[in-house]
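Participant: Encoded as structure tokens, here's the structure I'll be asking about.
The values are calculated or read from the model by the stated rules, or taken from the named source; none is laboratory data. Model, not experiment: these values are computed from the prediction. Don't worry about glycine lacking a Cβ; one is built from the backbone with ideal geometry, like all the others, and counts go over all protein chains shown.
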Amino acid sequence: MFDWLRRVFGRSDGDERQRLFETLDALNAESGGGKPVATRRSLGRLKLRSGTLALGDPQYLPGLEIPNIAADEVEISASLWRYPSGAETITALRLALGEPTDGGTRRKIGEVGIDSAKLVVADKADIEEHWTETGKDRIGVISTAPDDTVLRLLTTRFKLKTVRVNPVRAEVIGSVSEQLAVEIEGFLKADPKYADYPFMYFWVQTNNSFDRANYMKAAWEFMPVGSRPEPLMFVCATGRGDGCYDVQGQFDGDVPGELTITFIEC
């Protein structure tokens, strides 16, 4: 919820950032039916076949890589804020890489920079082999920001039937063919107001790997990396949104046994 606010707020600094966070928390509480309750639970397990885990924004994968993992799966648990409505916000992630061990050392491994308000966790080899740039769908998207001028232009010119998805987005009903997409792009390029950046006003969303991660509505989800049902990746919303988040690791020698990422200090 309030995903666009998360993105704006995530770029603020200092006292201003804190005030914006407080505003966002209040809006989320109002939308969620009241103040959240802090809870913790297991979310599921992810297969790991290559021994290297990739973490990162869906725009910039593989992002941070954690090699030398002995386990063949990752157990993912989270600290969450759960609202009366049932909505959830993940405040921190814990990635268990095998059976817990006593002792060892804990240190910062690195950072993940987030600019899509989403984090992807996956096997590095699965990302390299199955991440898709083109999906199976062809959804025509028309921007309605700052107003619906382009929406009215395109629906009139091309006799499109559309549905408003949110205040800044309308979608064409039915699949948009490649030919129609080319015609719409040509129409926009012919107008000086839209010629330089036609893709900002109309584009075709194919629900490729990035689209599915980026437009995920839930707080978290296990979803296919590519076009096949498997392998899976884990995707979650990053607390209050964009930012740079530390990845801490617990090590037994050179072998990582646990990773933690905190999105919101509670």
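Participant: Just to check your reading of the model, which residue among Val150, Val74, Val141, Val121 is among the aliphatic types (A, V, I, L, M) and under 17 Å from the mean Cα position of the chain (by Cα)?
Facilitator: Numbers: Val150 fails: under 17 Å from the mean Cα position of the chain (by Cα); Val74 fails: under 17 Å from the mean Cα position of the chain (by Cα); Val141 fails: under 17 Å from the mean Cα position of the chain (by Cα).
Within the list Val150, Val74, Val141, Val121, the selection yields Val121.
Participant: Say whether the condition of being farther than 27 Å from Glu133 by Cα and either of a type in the set (Val, Ile, Thr) or at pLDDT 90 or above (or both) is met by at least one residue in the range 21-30.
Facilitator: Of all residues in the range 21-30, those farther than 27 Å from Glu133 by Cα come to 21-30.
If we keep only those that are either of a type in the set (Val, Ile, Thr) or at pLDDT 90 or above (or both) too, we end up with 23.
For the range 21-30, residues farther than 27 Å from Glu133 by Cα and either of a type in the set (Val, Ile, Thr) or at pLDDT 90 or above (or both): present.
Participant: Let me ask another. Please work out which one of (1) free of Cβ contacts under 8 Å to residues at least 40 places away in the same chain; (2) acidic (Asp, Glu); (3) touching a helix residue (DSSP H, G or I) at 6+ places or on another chain (Cβ under 8 Å) is the condition Glu133 fails and give its number.
Facilitator: (1)
Participant: Among the residues of the range 216-229, which ones are at pLDDT 95 or above and in a loop (DSSP other than H, G, I, E, B)?
Facilitator: Selection gives Val225 alone.
Participant: Which condition from (1) surrounded by 18 or more Cβ atoms within 10 Å (Cβ to Cβ); (2) in contact with an Asp or Glu (Cβ under 8 Å, 6 or more places away or on another chain); (3) of a type in the set (Ser, Thr, Tyr) is the one that Tyr194 breaks?
Facilitator: (2)
Participant: Looking at Phe210, Phe202, which one is of a type in the set (Phe, Trp, Tyr) and touching a strand residue (DSSP E or B) at 6+ places or on another chain (Cβ under 9 Å)?
Facilitator: Working: Phe210 fails: touching a strand residue (DSSP E or B) at 6+ places or on another chain (Cβ under 9 Å).
Matching residue, one of Phe210, Phe202: Phe202.
Participant: Would you pick out the residues in the range 240-255 that are part of a loop (DSSP other than H, G, I, E, B) and modelled with pLDDT of 85 or more?
Facilitator: If we filter the range 240-255 for residues that are part of a loop (DSSP other than H, G, I, E, B), which is where we start, we get 240-242, 253-254.
Passing the criteria: Gly253, Asp254.
Participant: Tell me the residue from Asp137, Asp148 that is in contact with a Lys or Arg (Cβ under 9 Å, 6 or more places away or on another chain), charged (D, E, K, R) and surrounded by fewer than 19 Cβ atoms within 10 Å (Cβ to Cβ), please.
Facilitator: Details: Asp137 fails: in contact with a Lys or Arg (Cβ under 9 Å, 6 or more places away or on another chain).
Just one listed residue meets the conditions, Asp148.
Participant: Within the range 50-123, considering only strands (runs of 3 or more DSSP E) that don't extend past its boundaries, which have at least 2 residues that are farther than 15 Å from Gly257 by Cα and either assigned by TED's automatic domain parsing to the domain that holds Gly226 or not β-branched (Val, Ile, Thr) (or both)?
Facilitator: Per the criteria, 53-56, 73-82, 88-96, 105-114, 118-123.
Participant: So, one more: Is there any pair linking a residue in the range 195-214 that is free of Cβ contacts under 8 Å to residues at least 12 places away in the same chain to one that is assigned to a helix (DSSP H, G or I), with Cβ under 6 Å and at least six apart or on different chains, and which?
Facilitator: Ala195/Lys189
Participant: What single numbered condition from (1) at pLDDT 95 or above; (2) in a helix (DSSP H, G or I) fails to hold for Phe199?
Facilitator: (1)
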